[in-house]
Amino acid sequence: MSKIRKILKMYSQQRPLMTIAAQADASRNMVKKYVATFKASGLTFDEVNALNDKELEDLFGKSKEHPPNARMQSMLRCFPHVDKELKKTVMNRQILWEAYYKEFPGGYQYSQFCFYYNQWKARVNPTMHMDHKAGDKLYVDFAGEKLSYTDKDTGEVIAVEVFVAILGASQLTFVEAVMSQQKEDFIAACENTLHFIGGVPAAIVPDNLKAAVTKSSRYEPTLNETFEDFADHYGTTILQRGRTARVIKHW
């Protein structure tokens, strides 16, 4: 187990696999196997390193050579429900694990639960990894659930929309509460984002927001005229979000 920790620590430091194999006195195939399992887990090195030796053995060791036992089968039967519940904005894995562990007190701990869920999810709903170039795309949208604040003078509770923007490469995120999803608030939030990140991305990628796209189309979507002027002013490109990004307008 100490060798696994050593291999994963060096991998987290972005060392080449050949270097890791030499310094850990392990074969390159063994290093590749442990790294592949680590990547599939979705856990960070600190989370894996916090596991005790028995938990590490469950993730990387001999237990993988045997068919799932009753405890494993009970957990796997929970995953379709877990997957459905995670689509709700107020739900998270910690809450669902607590419900699972309450029903199965002898079940897996939280880190293992997440590890096996990630493996199950990859099998039933595989996803494509996307590489992002620095400064290439800025993704913008409104969060699904509103927030609110209380007016100190009147006591009135006022609902607000939550605007979110994120850079694809760095994951740098800007969040702002605005009064509505109307184009004026949307464009003002986009402008505040550019000031926050200190530059202009090559492209802005909105979802099919009415404030950005007045007519959605697979081939020729119609861009909101004011948003078009905004992009023109800052010299950027607007892309429509989809299976592949499609250029709406380019300058």
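The values are calculated or read from the model by the stated rules, or taken from the named source; none is laboratory data. In this text the structure is predicted, and so the values were computed from the model without any measurement. A quick note on method: Cβ atoms are made from the backbone with ideal geometry, for glycine too, and the neighbour counts reach across all protein chains shown.
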Does Glu98 satisfy being acidic (Asp, Glu), assigned by TED's automatic domain parsing to the domain that holds Tyr117 and at negative phi?
-> yes
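If only one of Lys137, Lys121 is of a type in the set (D, E, K, R) and either more than 21 Å from the chain's Cα centre (by Cα) or at pLDDT 85 or above (or both), which one is it?
Numbers: Lys121 fails: either more than 21 Å from the chain's Cα centre (by Cα) or at pLDDT 85 or above (or both).
Being of a type in the set (D, E, K, R) and either more than 21 Å from the chain's Cα centre (by Cα) or at pLDDT 85 or above (or both) holds for just one of Lys137, Lys121, which is Lys137.
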Residue among Ala40, Ala36 that is part of a helix (DSSP H, G or I) and touching a residue at least 60 places away in the same chain (Cβ under 8 Å) | Ala40
Within the stretch 58-67, is even one residue among the acidic types (Asp, Glu), surrounded by 12 or more Cβ atoms within 10 Å (Cβ to Cβ), closer than 20 Å to Tyr108 by Cα and at pLDDT 80 or above?
-> no
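Determine if the stretch 213-226 includes at least one residue that is assigned to a helix (DSSP H, G or I) and either assigned by TED's automatic domain parsing to the domain that holds Val164 or modelled with pLDDT of 90 or more (or both). Spell out how you get there, then give the answer.
Of all residues in the stretch 213-226, those assigned to a helix (DSSP H, G or I) come to 225-226.
Filter again for either assigned by TED's automatic domain parsing to the domain that holds Val164 or modelled with pLDDT of 90 or more (or both), leaving 225-226.
Yes, the stretch 213-226 contains at least one residue that is assigned to a helix (DSSP H, G or I) and either assigned by TED's automatic domain parsing to the domain that holds Val164 or modelled with pLDDT of 90 or more (or both).
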Criterion violated by Leu239 - all others in (1) buried (at least 17 other Cβ atoms within 10 Å of the Cβ); (2) part of a loop (DSSP other than H, G, I, E, B); (3) at pLDDT below 85 satisfied | (2)
Which numbered condition trips up Ile7, out of (1) of a type outside the set (Lys, Arg); (2) under 17 Å from Gln112 (Cα atoms); (3) assigned to a helix (DSSP H, G or I)?
-> (2)
Single match in Val90, Val162 (criterion: more than 30 Å from Ala70 (Cβ to Cβ), among the aliphatic types (A, V, I, L, M) and assigned to a loop (DSSP other than H, G, I, E, B)) = Val90
Residue under evaluation Ala169, criteria (1) surrounded by fewer than 20 Cβ atoms within 10 Å (Cβ to Cβ); (2) modelled with pLDDT of 95 or more, criterion not met = (2)
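Determine which member of the set Tyr101, Tyr116, Tyr108 is more than 21 Å from His233 (Cβ to Cβ), without any contact (Cβ under 8 Å) to a residue 24 or more places away in the chain and surrounded by 14 or more Cβ atoms within 10 Å (Cβ to Cβ).
On the way: Tyr116 fails: without any contact (Cβ under 8 Å) to a residue 24 or more places away in the chain; Tyr108 fails: without any contact (Cβ under 8 Å) to a residue 24 or more places away in the chain.
Sole residue among the options that is more than 21 Å from His233 (Cβ to Cβ), without any contact (Cβ under 8 Å) to a residue 24 or more places away in the chain and surrounded by 14 or more Cβ atoms within 10 Å (Cβ to Cβ): Tyr101.
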If we scan the stretch 87-101, do we find a residue that is modelled with pLDDT of 80 or more and under 30 Å from Met10 (Cα atoms)?
-> yes
Which of the residues spanning the stretch 14-29 are modelled with pLDDT under 85, surrounded by 14 or more Cβ atoms within 10 Å (Cβ to Cβ) and part of a helix (DSSP H, G or I)?
-> Ala21
Considering only the stretch 1-46, how many residues are touching a Lys or Arg at 6+ places or on another chain (Cβ under 8 Å) and either in the same structural domain as Phe113 (by TED's automatic domain parsing) or of a type in the set (A, V, I, L, M) (or both)?
-> 5
